[in-house]
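Asks: What follows is a single structure, and I will ask about it in a moment.
The values are calculated or read from the model by the stated rules, or taken from the named source; none is laboratory data. Note that the structure is a prediction, hence the values are computed from the model and not measured. Note: ideal-geometry Cβ built from the backbone for every residue, glycine included; neighbour counts use all protein chains shown.
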Ligand code: NOJ
Ligand code: CA
């Protein structure tokens, strides 16, 4: 059947590169899709993207200077991790003012210019809203800790100790105690993360109102939505019931507890519904940092009436830790039938880069192309992580004294922290990878010499070129934008194959997740294609091997092939 696959890889390759991605905004109406359903998102860690004033730390003007790069890549929306004033204990996830820009990153004028320059290129800007906690330097907390009767006392969670210790057995995510004793007023405050990140009391209506106002503030400045940080942790049991023990130890060597009384409380949904009502007034999207153990939990975040998060991240997909066709097939099927719009992520600033996690040390570049061919062709919205399109790899600290991330400082050597996945974007083979003329806040890995924007732009076989092609195809193919997902050959242990179909348009994706060549036999008759003609849209290997038998296609180790069916 596949004998008609023409060996036209290079031809398609060139035309794909030349095609300019048509961005999401131009495509929403035709298929009655929301803009965020057609969009490709791109996460930017602002400290590490581009340093415009050469102080070693990235900034907003740096991002603005790279918008053309992002547009040409095919990005429709950028999510910028926190760029608000912050003591930077957790690198911005400790916000001391929600309605300003940290001078380290620039000014509000710089921010406005970034939004308007992005808009000119049909790129939307998403901010990161740290809803669960503030910095201990936020004016609300400074007042809160000043006295038991202060105006903002009840904006945080203050309790008396018990039996000479903390109020209960809850643990912080960051390996430190979750309750911090404050001598001045003789009570403990609660911090799910670091002590410098006290939890807000979302049961106080004044807190909720203030936080809703923050979103209005940014929507009015043209922001197109928020990535909501740590939504699982917004509410705690008011009775402070101890969490029950669970087997094993955590990464800091502490005994485990099931966090049933301080995470994923049902009250979270009310808060999300309130945030959503405002988002809807501005055609904005809410993306959730949703750590769920199964699909039922993920489903809950869409809201019973689809009135909570439009885009809860499926982090179960993102944390599949080995290349396994059956495992990915299972995860995709689960989220595809969950009823909401799937959100795929394979890397972010909290997890080891996908290049390292999936790489086998020999075929890493091929595997990076394979993974891109997977999550950029599924039904749902992908969120890329800066540098993933280059095959950037982790550059982990080798000595404790080099660690910047508080998690790594507390957890060394068992938990080395997240610095490795947050290193500067690799723009060229110039000093510091062209990120800055000054020593950057984190060192770049030696692989920047080959894996950088300048070099990869010139190489039609680079990871970057594959990403560019994929995004161009994704924006131009109705079957990828709107089509259904159907698993093919679902007992194949090595090759993940699927059909994306929209009316008469259909695309077949074949992904060899093994390190040996694989032959695939396809029967597309049950899908309504009795004698299909297949045309190669993208192949990550030089020449798609023509079929040994009439109905067989062969893929090299880790090869990816995307073909279009025409009847
Ligand atoms: C999740 C963020 O992604 C992470 O970087 C941060 O440390 C915690 N939330 C606390 O805000
Ligand atoms: Ca700078």
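Asks: Among the candidates 152, 93, single out the residue that is within 16 Å of ligand 1 (Cβ to nearest atom), within 26 Å of residue 192 (Cα to Cα) and buried (at least 16 other Cβ atoms within 10 Å of the Cβ).
Replies: 93
Asks: With in a loop (DSSP other than H, G, I, E, B), at pLDDT 50 or above, over 15 Å from residue 468 (Cβ atoms) and out of contact with any helix residue (DSSP H, G or I) (no Cβ under 6 Å at 6 or more places or on another chain) as the only criterion, which of 30, 6 stands out?
Replies: Answer to the check: 30.
Asks: Follow-up question, since we're still on this one. How many residues does segment 317-330 hold that are surrounded by 19 or more Cβ atoms within 10 Å (Cβ to Cβ) and under 30 Å from residue 274 (Cα atoms)?
Replies: Qualifying residue count for the region: 2.
Asks: Take the residues in segment 77-88 that are more than 13 Å from residue 133 (Cα to Cα) and out of contact with any strand residue (DSSP E or B) (no Cβ under 9 Å at 6 or more places or on another chain); name whichever of them is farthest from ligand 1 (Cβ to nearest atom).
Replies: Here the answer is 85.
Asks: Let me ask something else about it. Is it the case that segment 88-111 has a residue that's touching a helix residue (DSSP H, G or I) at 6+ places or on another chain (Cβ under 8 Å) and modelled with pLDDT under 95?
Replies: Checking segment 88-111: not a single residue is touching a helix residue (DSSP H, G or I) at 6+ places or on another chain (Cβ under 8 Å) and modelled with pLDDT under 95.
Asks: Is one or more of the residues making up segment 377-396 out of contact with any strand residue (DSSP E or B) (no Cβ under 6 Å at 6 or more places or on another chain), within 16 Å of ligand 1 (Cβ to nearest atom) and in a loop (DSSP other than H, G, I, E, B)?
Replies: There is at least one residue in segment 377-396 that is out of contact with any strand residue (DSSP E or B) (no Cβ under 6 Å at 6 or more places or on another chain), within 16 Å of ligand 1 (Cβ to nearest atom) and in a loop (DSSP other than H, G, I, E, B).
Asks: Is it the case that some residue within segment 233-255 is away from ligand 2 (no atom under 16 Å from the Cβ), assigned to a helix (DSSP H, G or I), within 29 Å of residue 78 (Cα to Cα) and modelled with pLDDT of 95 or more?
Replies: Within segment 233-255, one or more residues are away from ligand 2 (no atom under 16 Å from the Cβ), assigned to a helix (DSSP H, G or I), within 29 Å of residue 78 (Cα to Cα) and modelled with pLDDT of 95 or more.
Asks: Looking for something within 13 Å of ligand 1 (Cβ to nearest atom) and under 18 Å from residue 226 (Cβ atoms) - is there at least one such residue anywhere in segment 110-117?
Replies: Looking for residues that are within 13 Å of ligand 1 (Cβ to nearest atom) and under 18 Å from residue 226 (Cβ atoms), one finds none in segment 110-117, hence no.
Asks: Turning to a different aspect of this structure: Just checking, how many residues over segment 71-87 are away from ligand 2 (no atom under 16 Å from the Cβ) and either modelled with pLDDT under 95 or part of a strand (DSSP E or B) (or both)?
Replies: Number of matching residues: 3.
Asks: When the residues of segment 184-193 are narrowed to those that are over 18 Å from residue 137 (Cβ atoms) and surrounded by fewer than 22 Cβ atoms within 10 Å (Cβ to Cβ), which ends up nearest to ligand 2 (Cβ to nearest atom)?
Replies: 187
Asks: Can you name every one of the strands (runs of 3 or more DSSP E) wholly within segment 151-230 that holds 1 or more residues which are touching a strand residue (DSSP E or B) at 6+ places or on another chain (Cβ under 6 Å) and within 19 Å of residue 279 (Cα to Cα)?
Replies: In segment 151-230, 225-228 are the strands (runs of 3 or more DSSP E) which contain 1 or more residues that are touching a strand residue (DSSP E or B) at 6+ places or on another chain (Cβ under 6 Å) and within 19 Å of residue 279 (Cα to Cα).
Asks: Please find, among 109, 88, the residue that is free of Cβ contacts under 8 Å to residues at least 24 places away in the same chain and buried (at least 18 other Cβ atoms within 10 Å of the Cβ).
Replies: 88
Asks: Can you work out which of the residues in segment 291-316 that are crowded, with 23+ Cβ neighbours inside 10 Å and touching a helix residue (DSSP H, G or I) at 6+ places or on another chain (Cβ under 8 Å) is farthest from residue 128 (Cα to Cα)?
Replies: Looking at the filtered set, the residue picked out is 298.
Asks: Scan (1) surrounded by fewer than 23 Cβ atoms within 10 Å (Cβ to Cβ); (2) farther than 22 Å from residue 66 by Cβ; (3) in contact with a helix residue (DSSP H, G or I) (Cβ under 7 Å, 6 or more places away or on another chain) for the single condition residue 429 breaks and write down its number.
Replies: Failing condition for residue 429: (2).
Asks: Residues of segment 398-426 being out of contact with any helix residue (DSSP H, G or I) (no Cβ under 7 Å at 6 or more places or on another chain) and either in a helix (DSSP H, G or I) or in contact (Cβ under 8 Å) with a residue 24 or more places away in the chain (or both), which ones?
Replies: Listed by number, the residues that qualify are 400, 401, 402, 406, 407, 409, 410, 411, 414, 420, 421.
Asks: Within segment 48-63, how many residues turn out to be closer than 19 Å to residue 452 by Cα and either within 16 Å of ligand 1 (Cβ to nearest atom) or surrounded by 20 or more Cβ atoms within 10 Å (Cβ to Cβ) (or both)?
Replies: 8
Asks: Any residue in segment 124-136 that's closer than 12 Å to residue 230 by Cα: show its pairings with residues that are modelled with pLDDT of 95 or more and within 16 Å of ligand 2 (Cβ to nearest atom) at Cβ separation under 7 Å, as long as the two are six or more apart or on different chains.
Replies: If the second residue must be modelled with pLDDT of 95 or more and within 16 Å of ligand 2 (Cβ to nearest atom), the pairs left are 128/80; 128/81; 128/82; 130/82.
Asks: In segment 520-540, which residues are part of a strand (DSSP E or B) and under 14 Å from residue 563 (Cα atoms)?
Replies: Across segment 520-540, the qualifying residues are 520, 533, 534, 535, 536, 537, 538, 539.
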